[in-house]
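Below is one structure, written out as structure tokens; the observations come after it.
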Protein chains: 2
Amino acid sequence: MTQPGSKSRAAYEWIRERIETGRFTPGYRLVLDAIAREIGISAVPVREAIRLLEAEGLVTFERNVGAQVAFMHEQEYEYTMQTLALVEGAATALSAPRLTGDHIARARSINDQLADSLKLESFDPRRFTELNLAFHTVLFQKCPNPHIADLVGRGWKRLTVLRDSVFGFVPGRARESVGEHEALLRLIEAGEAPLTIELAARDHRLGTLHAVLAYQAGRRHAAPAVGRNPSTHLTREQP
Amino acid sequence: MTQPGSKSRAAYEWIRERIETGRFTPGYRLVLDAIAREIGISAVPVREAIRLLEAEGLVTFERNVGAQVAFMHEQEYEYTMQTLALVEGAATALSAPRLTGDHIARARSINDQLADSLKLESFDPRRFTELNLAFHTVLFQKCPNPHIADLVGRGWKRLTVLRDSVFGFVPGRARESVGEHEALLRLIEAGEAPLTIELAARDHRLGTLHAVLAYQAGRRHAAPAVGRNPSTHLTREQP
DNA sequence: TGATACGAAATCGTATATGGTCTGGGCCGA
DNA sequence: TCGGCCCAGACCATATACGATTTCGTATCA
């Protein structure tokens, strides 16, 4: 299925693309025959595609009833980011000792691009997110544990569905990020203890999460109930 | 599919049971028609079952070629336990503040049973593992993040395929476990910081992992290259 | 003898067909 | 008017059928 050329794959991408771009909104019913007819294939591969989307949490499924685009509650972003903070932190720490000077240089170069993108009069949050992923990918790519690496990949993939780019909402956080990136690089260069690196990487991601949550709280209540500073606890205080 | 009553589900359980009990050994080819005929259904639901097993990593799959029971290298157990240490530690820490005295009492009661099972002249490692899961389930069950909770469940499920019970190999570790359980309970009761609890729970699991790795190294080299004590780093020294 | 090409068997991927299950609307009785 | 029953339509789950792809044995040729 993951293999290109298959119709299941085509159906998967066809549906996913529509969910990502918002043409299929949460609750939209995915009817096998209808989709199959529209793509010009039979229902069998469509069914398989939907099963895969279900496994990714993009659609919900009920036997004898069918599938619909999953409802994502407010907290979905929080849960995903919290999980990503956890696994990406670990992946980065496990990867760190295996990174060469070359890797660090590459990461630093990407971070420079991130810094540059801040200076443009028209800040492009989408591009910032793209570069941000590239930066972190360099850092965790050497993670020797394939399960953890896989979870990191899933987390990022899921984020693409939840938010195109949160940095559009919290541009200030983008600026902070660049500084934290450099700090993280220094820790790695210095050969700091894995746990130190893990918690730094974790905090970095939680920092973005908290910024977004604070922004949302602000929008809701006019008086922003600012969360605490990023904490390594994966948690934040309840209001 | 996850729903009972479906033939996909039946096929899934039929295959999985054979893999778990070792009747289907790694490398065994899973031929759709053959399995379908043997179960008495058509190939379509069997195919779906195999896709699910693939997602769980129990079988590997190649387009136009088919599926076979996944080869699990030596390190598979290590990777799975390391990942479980990571996510279970977090789940436990996130769950801890939501646990009532009732939960703690229940966990302690299970730990008593674990202690009792050590005293029996015939130690039953399988039962120990069962109770052990029950104990930890009490502790992380209140984890509010469904993604992390899900990952914990997957980790445990995967372990059932990898090893029936490692405590048969390292009975000494069973004894240690009981003590660490009590220590963990005290941390939770005392309302310690989430990170403290997280790392304690993580270390607890890594302890078992390291014990098993040391045992394996001992079997291989006669002179056991004992790993370091459990570390919160998720890592251990290379020999 | 070894390499290559051909062809048949095995097996997968997908289309089409069919029976089963759920859902919603209309009819009937209170 | 309202609630319950029944039926028809929609849709899913699975079976069967068939073309497509891979694999592997065998024959042919250098």
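State yes or no: is B:Leu209 in contact with an Asp or Glu (Cβ under 7 Å, 6 or more places away or on another chain) and either at pLDDT 95 or above or within 14 Å of chain A (Cβ to nearest Cβ) (or both)? Spelling it out, B:Leu209 is indeed in contact with an Asp or Glu (Cβ under 7 Å, 6 or more places away or on another chain) and either at pLDDT 95 or above or within 14 Å of chain A (Cβ to nearest Cβ) (or both).
For the range A:72-121, give me each residue that is open to solvent by 70 Å² or more (accessible area, probe 1.4 Å) and more than 14 Å from chain B (Cβ to nearest Cβ).
A:Asp102, A:Arg106, A:Asp112, A:Gln113, A:Asp116, A:Lys119, A:Leu120, A:Glu121
Screening the range A:1-60 for residues that are open to solvent by less than 30 Å² (accessible area, probe 1.4 Å), part of a helix (DSSP H, G or I) and more than 15 Å from DNA strand D (Cβ to nearest atom) and picking the one that is farthest from the other protein chains (Cβ to nearest Cβ) gives A:Ile19. Does the range A:124-132 contain any residue that is outside any helix (DSSP H, G or I), away from every other protein chain (no Cβ under 14 Å) and either more than 28 Å from B:Glu56 (Cα to Cα) or touching a residue at least 40 places away in the same chain (Cβ under 8 Å) (or both)? Yes; the residues of the range A:124-132 include at least one that is outside any helix (DSSP H, G or I), away from every other protein chain (no Cβ under 14 Å) and either more than 28 Å from B:Glu56 (Cα to Cα) or touching a residue at least 40 places away in the same chain (Cβ under 8 Å) (or both).
The residue that is surrounded by the fewest Cβ atoms within 10 Å (Cβ to Cβ), among those in the range A:61-71 that are within 16 Å of DNA strand C (Cβ to nearest atom) and either in contact (Cβ under 8 Å) with a residue 12 or more places away in the chain or closer than 22 Å to A:Thr160 by Cβ (or both), is A:Gly66. Kindly indicate whether any position in the range B:143-153 is among the acidic types (Asp, Glu), touching a residue at least 24 places away in the same chain (Cβ under 8 Å) and assigned by TED's automatic domain parsing to the domain that holds B:Thr208. No.
The values are calculated or read from the model by the stated rules, or taken from the named source; none is laboratory data. No experiment lies behind these values; they were computed from the predicted model shown. Don't worry about glycine lacking a Cβ; one is built from the backbone with ideal geometry, like all the others, and counts go over all protein chains shown. What goes into the accessible areas is simple: the full protein's heavy atoms, side chains included, and nothing from ligands, DNA or RNA. Shrake-Rupley method; radii C 1.70, N 1.55, O 1.52, S 1.80 Å.
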